[in-house]
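Encoded as structure tokens, the structure appears first; notes follow it.
The values are calculated or read from the model by the stated rules, or taken from the named source; none is laboratory data. Since this is a predicted model, take the numbers as computed values, not measurements. Positions of Cβ are generated from backbone atoms using ideal geometry, with glycine treated the same way; all protein chains shown enter the neighbour counts.
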Amino acid sequence: MMTIATQVFHVDPAHPDPAAIAAAAQALAEGRLVAFPTETVYGLGANALDAQAVERIFIAKQRPFSDPLIVHLASIAQLERVAVDIPAIAYALAERFWPGPLTLVLRRHPRVPPNVSAGRDTVAVRMPAHPVALALLQACALPVAAPSANLFSRPSPTTAQHVLDDLNGRIDIVLDGGPTSIGVESTVVDLTQSPPLLLRPGGATVEALRVLLPELKTPEAPLIASEAEAAASPGTLLRHYAPRAPMVLLAGETETALHFLRSAVAALNERGLRVGLFTTDEEAHSLADLQARIVSPGPQRDPAAVARHLFARLRALDRLGVDVILARTVWGKSTRAGLEMAIHDRLFRAAEGRVLDIAAPDALDRLLELLPYRKNTQSD
């Protein structure tokens, strides 16, 4: 694609500059692409009613057209511009959770072009809780289709620099409003099914949703869509949010993990590989003597901090030039709650579904089989 001179506006996240917002709103009205912060991650926006503008999102991100987009609204009143046959529960959820990290899947209005929704007759909608995003949506007076502002399958961007690392020269404007506060994407709930179905865990917790949706159905395992099919929700492909180095997610208790990681790092070092470890503060402290690059997203006792730093720390491992990444899933399946479900979903996809039970007697052999590793030729 042709290189674009990407313009960056630095804005106060609480009181964004009206001139910068006006410039970005004008760009959206003209069919151009604008990256902007939300409370979850940075989004890459285009006029959701302009099929050509929407197509530019897919081209800029190198995103398959089978992966749908979320339409962002400035108010609940705009729902009727993009959806039809809206059930009463949608308004009840919007009153409770909007603005905020909840996306609702509804029946798509004919005025919304099919490429927003991968050709499906549904549309995903939300109202973000960020002053910059809301100011932009209000100024342009348009529904804005906006996936995460990164190259497809890469860790999502939680700062403007992450956006520029992936998309500089591919998009028109970046509104730099500082780091995002939640750090993982919105929760997606399909209201066109009965009972409603959780398609993607995210910033709005299942526990909070069940106050209004007691019948909400939650899958036993992460939903996995194929690129060959029109996905019901963004973020459901197996490979997503992934760092450059192959990653394996290690499941098991802390003491078992500390012992296993010592053997695993030594075995990989013997093969001449630079190892990245991705684990919480508590385990990272106990592994500091290993010959590995250790990155922590935060303490296990604070899932909100882990979520906030998750993607930035995965990108940090890219910058360290590691050959393989061993990541820890520190919350057991039976005890996962709140943001822990969303964190596990992102790590599962970043590892392309490679999850290893480290308590298995042949765990080390299986690890070496799972890793499609390749020697990194970069120097320190």
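Residue-by-condition table, conditions (1) hydrophobic (A, V, I, L, M, F, W, C); (2) within 14 Å of VAL184 (Cβ to Cβ); (3) touching a strand residue (DSSP E or B) at 6+ places or on another chain (Cβ under 7 Å):
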{"residue": "LEU277", "(1), (2), (3)": "yes, no, yes"}
{"residue": "ALA312", "(1), (2), (3)": "yes, yes, no"}
{"residue": "ALA337", "(1), (2), (3)": "yes, no, no"}
{"residue": "ALA351", "(1), (2), (3)": "yes, no, yes"}
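Could you tell me which residue of segment 258-286 is surrounded by the most Cβ atoms within 10 Å (Cβ to Cβ), considering only residues that are over 17 Å from VAL322 (Cα atoms) and in contact with a Leu (Cβ under 6 Å, 6 or more places away or on another chain)?
SER286
Please identify the pairs in which a residue from segment 14-25 that is more than 18 Å from ASP172 (Cα to Cα) has its Cβ atom under 6 Å from the Cβ atom of a residue that is surrounded by 12 or more Cβ atoms within 10 Å (Cβ to Cβ) and modelled with pLDDT under 95, counting only partners at least 6 apart or on another chain.
none
Does ALA232 count as outside the structural domain of ARG96 (by TED's automatic domain parsing), within 24 Å of ALA145 (Cα to Cα), in contact (Cβ under 8 Å) with a residue 60 or more places away in the chain and surrounded by 20 or more Cβ atoms within 10 Å (Cβ to Cβ)?
Answer is yes for this residue.
Yes or no, residue by residue, for (1) closer than 28 Å to TYR241 by Cα; (2) more than 20 Å from the chain's Cα centre (by Cα); (3) not assigned by TED's automatic domain parsing to the domain that holds ASN168:
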site: ALA22; (1), (2), (3): no, yes, no
site: ARG32; (1), (2), (3): yes, yes, no
site: PRO37; (1), (2), (3): yes, no, no
site: VAL41; (1), (2), (3): yes, no, no
site: LYS61; (1), (2), (3): yes, no, no
site: ALA74; (1), (2), (3): yes, yes, no
site: ILE86; (1), (2), (3): no, yes, no
site: PRO99; (1), (2), (3): yes, no, no
site: ARG108; (1), (2), (3): yes, yes, no
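Going through segment 62-80 one residue at a time, which ones are surrounded by fewer than 17 Cβ atoms within 10 Å (Cβ to Cβ) and of a type in the set (Val, Ile, Thr)?
Within segment 62-80, just ILE76 meets the criteria.
Which ones in segment 350-370 are part of a loop (DSSP other than H, G, I, E, B) and charged (D, E, K, R)?
Matches in segment 350-370: GLU352, ARG354, ASP362.
For segment 19-116, give me every one of the strands (runs of 3 or more DSSP E) that falls completely inside it and has 1 or more residues that are of a type in the set (D, E, K, R).
Result: 102-108.
Does LEU191 qualify as being touching a residue at least 12 places away in the same chain (Cβ under 8 Å) and closer than 26 Å to ALA225 by Cβ?
Judged against the criteria, LEU191 is a match.
Take segment 291-312 and flag every residue that is touching a residue at least 24 places away in the same chain (Cβ under 8 Å) and surrounded by fewer than 17 Cβ atoms within 10 Å (Cβ to Cβ).
GLN291, ALA304 - these are the residues of segment 291-312 that are touching a residue at least 24 places away in the same chain (Cβ under 8 Å) and surrounded by fewer than 17 Cβ atoms within 10 Å (Cβ to Cβ).
Keeping to segment 202-222, report how many residues are out of contact with any helix residue (DSSP H, G or I) (no Cβ under 9 Å at 6 or more places or on another chain) and either among the aromatic types (Phe, Trp, Tyr) or surrounded by 11 or more Cβ atoms within 10 Å (Cβ to Cβ) (or both).
Within segment 202-222, residues that are out of contact with any helix residue (DSSP H, G or I) (no Cβ under 9 Å at 6 or more places or on another chain) and either among the aromatic types (Phe, Trp, Tyr) or surrounded by 11 or more Cβ atoms within 10 Å (Cβ to Cβ) (or both) number 3.
Given the conditions (1) under 27 Å from PRO16 (Cα atoms); (2) in a loop (DSSP other than H, G, I, E, B); (3) of a type in the set (A, V, I, L, M, F, W, C), which single one is not true for LEU137?
Unmet for LEU137, out of (1) under 27 Å from PRO16 (Cα atoms); (2) in a loop (DSSP other than H, G, I, E, B); (3) of a type in the set (A, V, I, L, M, F, W, C): (2).
Please indicate, with yes or no, whether at least one residue in segment 329-338 is in contact (Cβ under 8 Å) with a residue 12 or more places away in the chain, part of a helix (DSSP H, G or I) and not assigned by TED's automatic domain parsing to the domain that holds ARG154.
no
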